[in-house]
Amino acid sequence: MAVDSATGARSVAGRALRSPALHSVVAAVLVGALFLVGTGADPIGAYGSVLSGALGPDGIGSTLTTGTSIIGLAVALAIPMRAGLLNLGGDGQLVLGGIAAAATGLYVPLPAPLAVLAALLAGMLAGAAYAALAAVCQNQFGVPLLVSSLLLGYPAMSFASYLARFPLKEEGSSLPQTRRLPEGVELPAFGSSTVTVGLVLVVLAAAAFLFADARTATGYEIRMTGLNPRFAAYAGIEGPRLTLRLMGLSGAVAGLVGAIGVLSFPYRFIDGSLTAAGHTWTGLTAALLASAAPLGTALAALFFAALDVGGLAMERATAVPRELTQVLQAVVIVFLAARLQLTWRRARKPGPAADEPVRTEGDL
């Protein structure tokens, strides 16, 4: 039994060391070190500042707060990506979830705990309904999901902006924002930090995704569709119905993240605040890096959150611009794409008569 456990552990370690994602991260760190040397900075000192700034006593709270949004959005986008589908409308679903939560918290006459629950549910429903609209566009009208989800994001953000600037705008304020939510209509924070129960909610969402992916028949159908949609259709899996369900779930999680943002400090919806940091695209990067695997997606999202927060500390300590961390994120994806492309070409090489592998949106 002990031999089997040791063999299994070595097998897992071996797969991790051969992982294209790990190779891409290491390559990005080396390229970043070359950039730092080229500017006359000390790479070891700069990377040390990133680690201490993100994981030290003064930075861990900011990392977890940032990670709440990035992990949630990464999980939201990984759900359809697992089936080879790309949801590029995360920003629209995020802001609709936020504005729906704000309106519910302001105007639903319920006790504070119930108002918080209602606001979270309203955010999830708004995000789910809007994401499902993109699936309907593909299923009924033939508009590719990648296009419909991306383009539907813009009217959603404009609509939320209109509500924050006119009907729901705080009177007397020069900022495009709603009134502050009533006293008590907020997510509890851990101690005096900015980390709220929202972190627990996104971790639960990631855990539910992990369980469904590994332990349910639906998870198997999703993985099969992502690997080979033609075979999945031949096996009787209804692609349009699966697309609708996955997009609804994806939008619900994105809307939940928007609601969490509104129910956390500063306890109101501010036009542009949910999307300004670009966490949706960082979450997409994390999902791509992990090939939409649930656990890998959450860990990659936390890694990028640490880079984001640690970049500020690096800038303060070494005068190296924090934009270097964004360069590292981009280099990770470039190396990953190059590695996967080389792997795909090698897989095609041996047999000229072999069938060409089916590629899906998840390979992009």
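List of remarks:
- Comparison of 133, 110, 120 shows that the only residue that is without any contact (Cβ under 8 Å) to a residue 24 or more places away in the chain and under 16 Å from residue 263 (Cα atoms) is 110.
- The residues of the range 23-46 that are touching a residue at least 40 places away in the same chain (Cβ under 8 Å), part of a helix (DSSP H, G or I) and not hydrophobic (A, V, I, L, M, F, W, C), listed by number, are 23, 24, 32, 45.
- Residue in the range 108-122 that is of a type in the set (A, V, I, L, M, F, W, C), open to solvent by less than 30 Å² (accessible area, probe 1.4 Å) and under 30 Å from residue 144 (Cβ atoms) present: yes
- Within the set 88, 77, 94, 73, the sole residue that is open to solvent by 20 Å² or more (accessible area, probe 1.4 Å) and aliphatic (A, V, I, L, M) turns out to be 88.
- Residues of the range 29-66 that are surrounded by fewer than 13 Cβ atoms within 10 Å (Cβ to Cβ) and of a type in the set (D, E, K, R): 58 alone.
- Number of the condition not met by residue 204 [criteria: (1) within 26 Å of residue 92 (Cα to Cα); (2) free of Cβ contacts under 8 Å to residues at least 12 places away in the same chain; (3) open to solvent by less than 90 Å² (accessible area, probe 1.4 Å); (4) among the aliphatic types (A, V, I, L, M)]: (3)
- Any chance residue 171 is in contact (Cβ under 8 Å) with a residue 24 or more places away in the chain, surrounded by fewer than 14 Cβ atoms within 10 Å (Cβ to Cβ) and either closer than 28 Å to residue 246 by Cβ or among the acidic types (Asp, Glu) (or both): no
- Members of the range 161-181 that are over 23 Å from the mean Cα position of the chain (by Cα), closer than 20 Å to residue 257 by Cα and of a type outside the set (D, E, K, R): 163, 164, 177, 178, 181
- Of all residues making up the range 133-160, the number that are part of a helix (DSSP H, G or I), open to solvent by 20 Å² or more (accessible area, probe 1.4 Å) and aliphatic (A, V, I, L, M): 8
- Odd one out for residue 186 among (1) in a helix (DSSP H, G or I); (2) touching a helix residue (DSSP H, G or I) at 6+ places or on another chain (Cβ under 9 Å): (1)
The values are calculated or read from the model by the stated rules, or taken from the named source; none is laboratory data. From a predicted model like this one, the values you see are computed outputs, not experimental measurements. Because the Cβ atoms are built from the backbone with ideal geometry, glycine has one as well, and the counts that use them run over all protein chains shown. We work out accessible area using only protein heavy atoms, side chains counted, and drop any ligands, DNA or RNA first. Shrake-Rupley method; radii C 1.70, N 1.55, O 1.52, S 1.80 Å.
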